Amino acid sequence: MHNFDTVNSLFVQRFGRTPIYEIKACGRINIIGEHTDYNLGYVLPAAIDKYIYFVGAPNGLDHCRVYAADIDEYDTIPLGNPLQKSARLWINYLTGILDQYQRQGAQLEGLDVVFGGNLPLGSGMSSSAALETGFATLAKTAYGIDIEKPEIARLAQRSSHQFVGVPCGIMDQFASLMGREKQLVLLDCRSLTYEYIPCDLGNYEIVLINSKVSHNLSDSAYEARVEECAKGVEVLQKTYPEVKSLRDATQEMVKAEEAALGPIVYRRCLYVTSENERLLQVCDALRNGRVEEVGPLLFETHAGLRDLYEVSCEEVDFLVNFAKEHPGVIGSRIMGGGFGGCSINLVDRSQSQAFIESIQEAYLTAHGRSAEAYQVNIVDGTDLVKSELLSS
Ligand code: GLA
């Protein structure tokens with residue numbers, strides 16, 4: 001676990017001088033709206049106080065030198081044009097950002113960087129988006145690039161697609177950057193218009209339970225879902241030409257075309273169309289102080305992700321089933337891309353300690369793994385917190 005103090009001293013140890021820039025990059029939660037972003041629907045995420053801390057400075061060399069403190073790995077990025085992909089996934093997330101800046105005409109210069117934090121990797125809290133947004137903010141500052149946060153989110157998503165090879169939506173990068181303290185970001189992934197909804201949960205709080213089953217979005221399963229949805233649009237368009245993405249489809253349309261869609265694509269489309277509807281119901285409930293109504297919708301999302309979208313796993317199903325039976329838990333579901341990672345739970349504050357203790361014990365007994373619990377706070381998104389150059 002790292003913080004600014006530890007990454008700063010690692011920087012001094014490794015590079016023999018103090019860093020100039022400090023950036024705090026956020027992980028994210030998502031209340032509801034899973035696998036809707038690349039279908040151009042809505043999402044309802046927020047930035048959380050799980051961070052990757054970046055420190056850096058120009059090095060006057062023709063390559064970047066980067067130390068990933070959490071995993072104790074060091075690597076370099078030679079600044080060629082074009083930039084080269086590495087066999088190491090984490091460095092590609094950084095190089096991809098430089099590649100985007102270079103394509104926009106930026107003159108790349110060598111940077112020394114150390115990063116590390118308390119954002120668990122591969123847990124559905126978007127550590128990879130935090131890598132992208134943190135490094136993009138560092139590089140933009142170092143190179144003096146004038147670019148606003150929503151544009152950085154788009155650039156980071158393009159980098160994931162074009163350089164890293166992950167066909168992700170825009171939710172993670174957008175939430176990591178645009179998050180605001182105590183607010184949820186209601187993002188329309190087609191127009192990229194957004195509004196903030198106060199995350200007023202009354203007596204309830206958000207508790208994440210990490211199954212410690214690590215997922216990896218480069219896995220072909222995520223890509224397969226993206227393709228199945230595209231196939232769904234292709235089929236639906238024949239009858240409903242107005243359907244340009246699953247965002248435009250309704251459950252009725254999907255049901256009417258069940259035979260043409262075929263069983264797998266049918267299930268995917270049914271999930272996505274119902275998830276968009278649930279999200280709008282959640283927003284309405286939150287805006288009107290009816291938090292209790294959110295819980296059952298989270299359980300419904302979980303069932304959809306498990307049975308229709310088929311992106312859950314045995315371990316997280318266990319966590320959600322256990323939560324359902326526990327007093328004080330009004331909603332629970334798998335969060336993020338799926339295939340492992342965290343469940344997000346809406347828990348009565350007076351019961352959350354008891355819930356955490358009992359779910360950890362039960363999970364250890366059933367699956368032989370220790371689940372970690374996080375009572376997260378919603379905070380302002382990724383930003384530069386210090387620049388000696390700017391302040392002098
Ligand atoms: C991952 C992707 C996001 C989104 C979620 C599922 O986190 O990076 O774009 O598709 O999965 O909602």
In the Gaussian network model of the chain, springs joining C-alpha atoms below 10 Å, which of GLY289, GLY328, GLY33 carries the largest mean-square fluctuation? GLY289
Compute the Rg to Rh ratio over the chain from the alpha carbon atoms, using the Kirkwood formula for Rh, and round to two decimal places. 0.98
If you average the sequence gap of Cα pairs under 8 Å that are 6 or more apart and divide by the length of the range 167-283, what percent do you get for the contact order? 17 percent
Projecting the Cα atoms of ALA106, THR133, ILE206 onto the charge dipole of the range 78-224, where Lys and Arg contribute +1 and Asp and Glu -1 at Cβ, the residue farthest towards the positive end is ALA106
Taking the chain as the reference, fit the longest principal axis to its C-alpha atoms, fit the long axis of helix 263-287 to the helix C-alpha atoms, and give the angle between the two in degrees, 0 to 90, nearest 10. 80 degrees
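Sorted by packing (mean other beta-carbon atoms within 10 Å per residue), highest first, where do 81-94, 344-357 land? Please list the in-between numbers first.
Values: 81-94: 16.1, 344-357: 19.1.
Result, highest mean Cβ count within 10 Å first: 344-357, 81-94.
Relative contact order, percent, of the chain when contacts are C-alpha pairs under 8 Å separated by at least 6 residues?
Details: 841 pairs, mean separation 91.5, N = 392.
Relative contact order for the chain comes out at 23 percent.
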With axes computed from alpha carbons, what is the tilt in degrees of helix 220-239 against the longest principal axis of the chain, rounded to the nearest 10 within 0 to 90? 50 degrees
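Over the range 18-95, what relative contact order in percent results from Cα pairs under 8 Å that are six or more residues apart? Could you put the intermediate results ahead of the total?
Numbers: 93 pairs, mean separation 19.1, N = 78.
Relative contact order, the range 18-95: 24 percent.
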Surface accessible to a 1.4 Å probe, PHE163 within the full protein complex, Å²: 20 Å²
Kindly flag which residue pairs out of LYS50/LYS324; LYS231/LYS255; LYS24/LYS140; LYS149/LYS182; LYS149/LYS212; LYS255/LYS324 have an alpha-carbon separation exceeding 24 Å in this structure. LYS50/LYS324; LYS149/LYS212; LYS255/LYS324
Got a sec? What order do ARG180, ARG290 fall in by accessible area at 1.4 Å, biggest, i.e. largest, first? ARG180, ARG290
Where labels lie 7 Å past Cα in the beta-carbon direction, separation of GLU357 and ASP62 in nm: 6.2 nm
Suppose each label sits 7 Å from its Cα in the direction of the beta carbon; what would the ALA260-ASN81 distance come out to in nanometres? 4.9 nm
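Taking R0 as 35 Å, what's the FRET efficiency between HIS161 and LYS386 from their Cβ-Cβ distance, rounded to 0.05? Present the calculation step by step, with values, prior to reporting the outcome.
On the way: r = 31 Å, r/R0 = 0.90.
E between HIS161 and LYS386, to the nearest 0.05, is 0.65.
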What angle, in degrees between 0 and 90 and rounded to the nearest 10, separates the Cα long axis of helix 89-103 from the longest principal axis of the Cα atoms of the chain? 70 degrees
Show me the ranking of peptides 234-244, 267-277, 121-131 by mean Cβ neighbours inside 10 Å, starting with the highest. 121-131, 267-277, 234-244
Gain upon complete extension [ASP307, SER214; 0.36 nm per residue less C-alpha separation]: 31.4 nm
Taking 0.36 nm per residue of separation between GLN375 and ASN118 and subtracting their Cα-Cα distance, the length gained on full extension comes to 91.2 nm
Say each of THR365 and THR193 gets a label point 7 Å from the Cα, pointing the same way as Cα to Cβ; how far apart are those two points in nm? 5.2 nm
Whole Å is fine, so just give me how far the alpha carbon centre of the range 251-315 lies from that of the range 128-199. 25 Å
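Starting from the Cα-Cα distance between GLN281 and TYR143, subtract it from 0.36 nm times their residue separation and give me the gain in nm to one decimal. Walk me through the numbers on the way to the answer.
Values: separation 138, 0.36 × 138 = 49.68 nm, distance 4.35 nm.
Here the answer is 45.3 nm.
The values are calculated or read from the model by the stated rules, or taken from the named source; none is laboratory data. Everything numeric in this text was worked out from a predicted model, so none of it was measured. Because the Cβ atoms are built from the backbone with ideal geometry, glycine has one as well, and the counts that use them run over all protein chains shown. Please note that ligands, DNA and RNA were not included when accessible areas were found on the heavy atoms of the full protein model with its side chains. Shrake-Rupley method; radii C 1.70, N 1.55, O 1.52, S 1.80 Å.
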